[in-house]
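Report on one structure; see the data block that follows.
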Amino acid sequence: MICKLRVAALLTVLHVSAAMAAVDLEAAAAIVQKKVEGRVLGGKTVEEGGRTLHVIKVLTPDGRVTHIRIDAKTGEVVKEPPKGR
């Protein structure tokens, strides 16, 4: 019973977090594609420093892989990862 309640609580948190995001993962990838030269390889949504971020993986023209963080609430590029990371 306790396990079911924990799973239900986790699903509720995840649902609320996703609902609060003004920019979804696909839109974040499109933002990065417009701002950065290279090819978007993928992305994921994470919680960092108390906020939801989309981390987009990009292959640059010179063959390097980089990660660009997009704030899920504002759609702005996050310049640095939060402290303690």
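Some observations on this one:
Yes/no per residue for (1) modelled with pLDDT of 90 or more; (2) touching a helix residue (DSSP H, G or I) at 6+ places or on another chain (Cβ under 8 Å); (3) in a helix (DSSP H, G or I):
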| residue | (1), (2), (3) |
| --- | --- |
| Ala19 | no, no, yes |
| Ala27 | yes, no, yes |
| Lys34 | yes, no, yes |
| His54 | yes, yes, no |
| Asp62 | yes, no, no |
| Ile68 | yes, yes, no |
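- Search result, residues across segment 70-80 that are under 15 Å from Glu37 (Cβ atoms) and either in a loop (DSSP other than H, G, I, E, B) or out of contact with any strand residue (DSSP E or B) (no Cβ under 7 Å at 6 or more places or on another chain) (or both): none
- Residues of segment 21-37 classified as surrounded by fewer than 18 Cβ atoms within 10 Å (Cβ to Cβ), of a type in the set (Gly, Ala, Ser) and farther than 9 Å from Ile70 by Cβ, total: 2
The values are calculated or read from the model by the stated rules, or taken from the named source; none is laboratory data. Computed from a predicted model, the values in this text were never measured in an experiment. Because the Cβ atoms are built from the backbone with ideal geometry, glycine has one as well, and the counts that use them run over all protein chains shown.
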